[in-house]
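The values are calculated or read from the model by the stated rules, or taken from the named source; none is laboratory data. Note that this is a predicted model, so its numbers are computed, not measured. Note that we place each Cβ from the backbone using ideal geometry, even for glycine, and neighbour counts take in every protein chain shown.
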2 protein chains.
Amino acid sequence: MDKKEFIIRQLARTSNKKYEAYVVNRIVHLLDDISIKFITQQYVTRPEGRALTDLFFPQFNLHVEVDEGQHYIKKNTEKDIIRESDIVNATNHKIIRVDVTRPLEEINQKINEIIENIRMLKNYIGFIPWDIDSEFNTETYIKKGYISVSDNVAFRTIKDACNCFGHNYTGYQRAGATHPDNDIMLWFPKLYPNGVWDNQISDDEETIIERNVNAEIAREHVVSHLEKQKGEKYKRIVFARVKGSLGDVLYRFRGLYELDLKASNEIIGLVWRRVLSRVKTYSH
Amino acid sequence: MDKKEFIIRQLARTSNKKYEAYVVNRIVHLLDDISIKFITQQYVTRPEGRALTDLFFPQFNLHVEVDEGQHYIKKNTEKDIIRESDIVNATNHKIIRVDVTRPLEEINQKINEIIENIRMLKNYIGFIPWDIDSEFNTETYIKKGYISVSDNVAFRTIKDACNCFGHNYTGYQRAGATHPDNDIMLWFPKLYPNGVWDNQISDDEETIIERNVNAEIAREHVVSHLEKQKGEKYKRIVFARVKGSLGDVLYRFRGLYELDLKASNEIIGLVWRRVLSRVKTYSH
């Protein structure tokens, strides 16, 4: 997918709600800067719970919400969509609201302010222009020397994630892979109930619970880890399998997690705690 | 309806086709001028036949068509929508095409050219800023002294049209009304088959055919006119009842028509020919 397709498809997603479409289109077109990435209808977790924001600028951790004067009612079916989706933890993100019940002049004025804000943020040190080719590219992160949660890193395939840690795969489909550090495993889980595993991740992303739906397998899995049989490892670098904003599969970097031996048991399953949000990369 | 509602609803109509939405939104937002009126998805007649244009600027008789590299296939059901719709004769209008199969930079460049074009046209003598309150207002045309087809004039109600010709109605629902000139009748027909009348207007708007669906009534109607019984008049100022772009009813000025005595007969019906595209208005 190139930027043209990405931008046009992102803008087309706002089409059901006419005020949202107006605000999102106007911001993007007047900002008129293809070095700035945007996502429409981004799922986020916040202290208040999960929600959608109408426009998300990942380079600035900035969100725009179109306030139509009535709260968005979540449908029951939506839970299923949310749990597979790429969810951003927006706890420390900035959220700007646009009240579309105001007159058009005021709405446009507010949009101008948002655009000025974004242009100011872009001038800060550390702005990296949106590069749709390199953002999913192994080389980008090998060169950088690390992968960090704060950079919103995701890969399109498991092999791309593996190849940031010394591998040189042309294809790889398994949910686990080795790491140069023998204590660490690369893990590519679905972090939602998926028929085989009842995994979940906390809204703050700090805790992952891993549990097989089959009680017997679940028990064995926990025991073999707690007793460190078969060379099971206590550290995992996690890339969660999610659906991206346009329905594409992504492996989203979540950090390095360590097994919490005290909290894990045969009932709860394995409890993993995040210990690092940034990990070193390795060339092959 | 105020400008805010009009603009936002017009933009929301483009939402089914993502490239069209991109181009239309980008033009409108970058033009950023609420003195310029626009209509999305305007029905037009052209020498090649009837069609939809994606964006119409009535003040400049300028259309933008988004060329997606494949021709828009008209559904059969669409004929019914078209015949009631407000159709603009675009024979001498300018049409600019945007080829969205090109790279994004080229599309954006083309859009910039269109915007420059429109800004130049606006600087021509004779530009009248879009005023959503006055455009449907009787006083506007009484003050002006005339109503002209080239000004794209329409009214929201029959009484508003009547009151441009010496009446002072607060309500009026009949399809005919008097005019200060005794030879002229004001006429507000549906110019499509509507169950009672099988009226039609030619694509160039120069000819209207009026015929009752009931053969007996049709015959009597023609005879009474050709023999000028009951004070039937040979001249009519026509405001056609149409559905506006947002589904609202409009009475669109078509001109002054005169009965073609030679062409009219009991089989064809009454044939009206346009003799004037501009008529004088009268204060009450």
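Restricting attention to region A:59-71 and to residues that are surrounded by 12 or more Cβ atoms within 10 Å (Cβ to Cβ) and at pLDDT below 90, the residue that is farthest from A:Asp151 (Cα to Cα) turns out to be A:Glu68. Any residue that is modelled with pLDDT of 95 or more and either within 27 Å of the chain's Cα centre (by Cα) or closer than 18 Å to A:Gln200 by Cβ (or both) - is there at least one of those in region A:244-251? Yes, some residue in region A:244-251 is modelled with pLDDT of 95 or more and either within 27 Å of the chain's Cα centre (by Cα) or closer than 18 Å to A:Gln200 by Cβ (or both). Among the residues making up region B:177-194, a single one is part of a strand (DSSP E or B) and at pLDDT below 95: B:Pro193. On inspection, B:His221 fails the criterion of being in a loop (DSSP other than H, G, I, E, B) and either out of contact with any helix residue (DSSP H, G or I) (no Cβ under 8 Å at 6 or more places or on another chain) or not assigned by TED's automatic domain parsing to the domain that holds B:Asn182 (or both).
Being under 26 Å from A:Val249 (Cα atoms) and out of contact with any helix residue (DSSP H, G or I) (no Cβ under 8 Å at 6 or more places or on another chain): is that true of A:Asn212 here? Taking the combined requirement at face value, the residue does not satisfy it.
For region B:165-175, the criterion of being under 14 Å from B:Arg254 (Cβ atoms), out of contact with any Leu (no Cβ under 6 Å at 6 or more places or on another chain), assigned by TED's automatic domain parsing to the domain that holds B:Gly255 and crowded, with 17+ Cβ neighbours inside 10 Å is met by no residue. Screening A:Trp197, A:Trp272 for residues that are over 16 Å from A:Asp86 (Cβ atoms), without any contact (Cβ under 8 Å) to a residue 40 or more places away in the chain and over 15 Å from the mean Cα position of the chain (by Cα) leaves exactly one candidate, A:Trp197. Looking across region A:220-242, the residues that are crowded, with 16+ Cβ neighbours inside 10 Å and charged (D, E, K, R) come down to A:Lys233, A:Lys235, A:Arg236, A:Arg241.
State whether one or more residues within region A:247-264 are in contact (Cβ under 8 Å) with a residue 40 or more places away in the chain, β-branched (Val, Ile, Thr), exposed (fewer than 14 other Cβ atoms within 10 Å of the Cβ) and not in a loop (DSSP other than H, G, I, E, B). No - not one qualifying residue is present in region A:247-264. A:Ser15 falls short on exactly one of the conditions (1) more than 10 Å from every other protein chain (Cβ to nearest Cβ); (2) modelled with pLDDT under 85, and that condition is (1).
A single entry from B:Ile209, B:Ile184 fulfils the requirement of being in contact with a Gly (Cβ under 6 Å, 6 or more places away or on another chain), under 23 Å from B:Lys262 (Cβ atoms), touching a residue at least 60 places away in the same chain (Cβ under 8 Å) and aliphatic (A, V, I, L, M): B:Ile209. Of all the numbered requirements in (1) at pLDDT 95 or above; (2) buried (at least 19 other Cβ atoms within 10 Å of the Cβ); (3) not aromatic (Phe, Trp, Tyr), A:Arg273 misses one, and that requirement is (2).
If I ask for residues that are surrounded by fewer than 23 Cβ atoms within 10 Å (Cβ to Cβ) and under 27 Å from A:Leu104 (Cα atoms), which ones from region B:28-52 would you list? Across region B:28-52, the qualifying residues are B:His29, B:Leu30, B:Leu31, B:Asp32, B:Asp33, B:Ile34, B:Ser35, B:Ile36, B:Lys37, B:Ile39, B:Gln41, B:Gln42. Of the residues that sit in region A:82-135 and are within 14 Å of chain B (Cβ to nearest Cβ), out of contact with any strand residue (DSSP E or B) (no Cβ under 9 Å at 6 or more places or on another chain) and assigned to a loop (DSSP other than H, G, I, E, B), which one is surrounded by the fewest Cβ atoms within 10 Å (Cβ to Cβ)? Looking at the filtered set, the residue picked out is A:Pro103. Taking the criterion of being within 11 Å of another protein chain (Cβ to nearest Cβ) and either assigned to a loop (DSSP other than H, G, I, E, B) or touching a Pro at 6+ places or on another chain (Cβ under 9 Å) (or both), the residues of region A:18-71 that qualify are A:Asp32, A:Ile34. Does any residue of region B:205-213 turn out to be surrounded by fewer than 16 Cβ atoms within 10 Å (Cβ to Cβ) and either hydrophobic (A, V, I, L, M, F, W, C) or within 22 Å of the chain's Cα centre (by Cα) (or both)? Within region B:205-213 (the criterion being surrounded by fewer than 16 Cβ atoms within 10 Å (Cβ to Cβ) and either hydrophobic (A, V, I, L, M, F, W, C) or within 22 Å of the chain's Cα centre (by Cα) (or both)), the answer is yes, since at least one residue qualifies. Among the hydroxyl-bearing types (Ser, Thr, Tyr) and farther than 22 Å from B:Val100 by Cα: does that describe B:Thr45? In short, yes.
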